Amino acid sequence: MIKATKALNIVLGQVCSLGLETLPVSAALGRVLAKNIYSDVNIPPFNRSAMDGFAINSKDPAEVFAVIEDIPAGKVPGKTIKSGECARIMTGAMLPKGADQVIRVEDSIKEPANKVKMRRSVAGRKNVAQRGEDVKKGELVLRSGTLIRPQEVAMLATVGKTNVKVVRLPKVGVISTGSELVEPIFKPTTGQIRNSNGPMLIAQLQRLGIEANYLGIAKDNIKATKAMVAQGLRENDILILSGGVSVGDYDFVKEVLQDCGVKIIFNKVAIKPGKPTVFGTKRNKLIFGLPGNPVSVLVVFELFVAPAISKMIGKESPEAFISLPLITDHSCKSSKREQYQPVLIKQGGVQPIDFHGSAHMFALTKANAIMRIKSGTNELKKGTIIDVRPI
Ligand code: AMP
Ligand code: MG
């Protein structure tokens, strides 16, 4: 049995990156940049007014100024500001020659004959954004490995990138195993339950921007499981199975994977839930056999599958645990394994949730994170700093 950190390192060590593809920025939300992006312009590109007001020379001692030009945004000023002169200027417009300051409209009084009196006492602020003060032409603005969010889309637009190179997404197959399972549209008959792991895994993948290839439910027999696994391996870069990895008489997944040419790298991890997790490879393909209990599926996916996918798609900073204080005492049954339990992160810290073990799916719907409890812990005091990971 290996520790979770070792298991994660093994998994990440097996990740091969996929090829690149070019996408229009409009289709690249949630993807990861595969190349550095440099700016082709200064931002702002010219000295720009940050206010509606009057452009003057800050050293001009005058109080009353003659308005010599109107400069709306987008107009190139035609005149140079001299002593006693100003230009009426709008936010975003280019400062005229000779001017280095904008007095706000609110700080001016209209005088006859197209003149304005300025309240110079408020003139501490220049109200001008200098050329290149945000970004210099040629500067690195977005690193390879950056997740594209709306703000990155804006940055790409600003520097004129309409197409971007991103890492191709992996094809991911999902198989549920279990002769007791029926798909959710059916009413389970005696001895049956609905397949919830399949839809959950599809949703977990969707959250990472991946459209899963769902293969269906494999009955607990070698022949049926093998046919589905073989197809899953042919068509995908990653194959995820749930159930059938424990030591029961009808748990065939590990055997079937081996029959299909998968090299098993580990099949036990010191975590609770999730102990019988199986991980293997076939050429560049990654194969995960998750224990069937729903909480195990969610936890093991978040601990190992999600980081593998993040690395595969080139994400620079994958999902990480954060440290927060517990807001109540928490007692738990001590285990030799590291434990993961559902919690609620709220104002002030982490609130544990009533949790009955790996089949207690319902507890997850009340949680927004999982917490990690070190092996051998049976009591956690209020204020203890613990590792949590939003889910
Ligand atoms: P297994 O790992 O196959 O022994 O399954 C462990 C437990 O999880 C059993 O109670 C199964 O009925 C349940 N289980 C397995 N697969 C699923 C699934 N796809 N959806 C819901 N529960 C499942
Ligand atoms: Mg089963």
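The values are calculated or read from the model by the stated rules, or taken from the named source; none is laboratory data. This is a predicted model, so every value here is computed, not measured. All Cβ positions, even for glycine, are placed from backbone atoms using ideal geometry, and neighbour counts span all protein chains on display. Note: areas computed on protein heavy atoms with side chains; ligands, DNA, RNA excluded. Shrake-Rupley method; radii C 1.70, N 1.55, O 1.52, S 1.80 Å.
Could you count how many residues in the range 243-291 are within 16 Å of ligand 2 (Cβ to nearest atom), of a type in the set (Lys, Arg) and assigned to a loop (DSSP other than H, G, I, E, B)?
Adding up the residues that qualify gives 1.
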Problem set entry | the range 145-194, residues that are within 24 Å of Phe301 (Cβ to Cβ), in a strand (DSSP E or B) and open to solvent by 40 Å² or more (accessible area, probe 1.4 Å) | Leu147, Ile193, Arg194
Exercise. Quick check: anything in the range 258-273 within 31 Å of the chain's Cα centre (by Cα) and closer than 25 Å to Gln192 by Cβ?
Worked result: yes
Exercise. Does Leu12 satisfy being over 30 Å from Arg168 (Cα atoms) and open to solvent by less than 50 Å² (accessible area, probe 1.4 Å)?
Worked result: no
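Yes or no: Glu338 acidic (Asp, Glu), away from ligand 1 (no atom under 16 Å from the Cβ) and within 25 Å of the chain's Cα centre (by Cα)?
Considered against the rule, which asks whether it is acidic (Asp, Glu), away from ligand 1 (no atom under 16 Å from the Cβ) and within 25 Å of the chain's Cα centre (by Cα), Glu338 comes out as no.
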Problem set entry | Considering residues of the range 19-57 that are polar (S, T, N, Q) and within 24 Å of Ser83 (Cβ to Cβ) only, the residue surrounded by the fewest Cβ atoms within 10 Å (Cβ to Cβ) | Asn47
For this session: Could you tell me which residue of the range 292-311 is farthest from ligand 2 (Cβ to nearest atom), considering only residues that are open to solvent by 10 Å² or more (accessible area, probe 1.4 Å) and not aliphatic (A, V, I, L, M)?
Result: Lys311
For this session: Go through the residues of the range 370-377 one by one and say whether even a single one is touching a Leu at 6+ places or on another chain (Cβ under 6 Å) and hydroxyl-bearing (Ser, Thr, Tyr).
Result: no
For this session: For residues that are assigned to a helix (DSSP H, G or I), within 12 Å of ligand 1 (Cβ to nearest atom) and open to solvent by 40 Å² or more (accessible area, probe 1.4 Å), tally how many sit in the range 199-242.
Result: 2
For this session: Residue by residue through the range 98-124, note down the ones that are loosely packed, with under 14 Cβ neighbours inside 10 Å and either part of a loop (DSSP other than H, G, I, E, B) or in contact with a Cys (Cβ under 6 Å, 6 or more places away or on another chain) (or both).
Result: Pro112, Ala113, Asn114, Arg119, Gly124
For this session: Filter the range 165-180 down to residues that are closer than 20 Å to Asp251 by Cα and out of contact with any Ser or Thr (no Cβ under 9 Å at 6 or more places or on another chain) and give me whichever is nearest to ligand 1 (Cβ to nearest atom).
Result: Glu180
Exercise. Open to solvent by 50 Å² or more (accessible area, probe 1.4 Å), farther than 25 Å from Gly74 by Cα, free of Cβ contacts under 8 Å to residues at least 60 places away in the same chain and more than 27 Å from the chain's Cα centre (by Cα): does that describe Thr91?
Worked result: no
For this session: Can you tell me which residue among Lys366, Lys382, Lys346, Lys336 is under 22 Å from Asn9 (Cβ atoms) and among the charged types (D, E, K, R)?
Result: Lys336
For this session: For Glu63, indicate whether it is touching a Lys or Arg at 6+ places or on another chain (Cβ under 7 Å) and over 30 Å from Gly209 (Cα atoms).
Result: yes
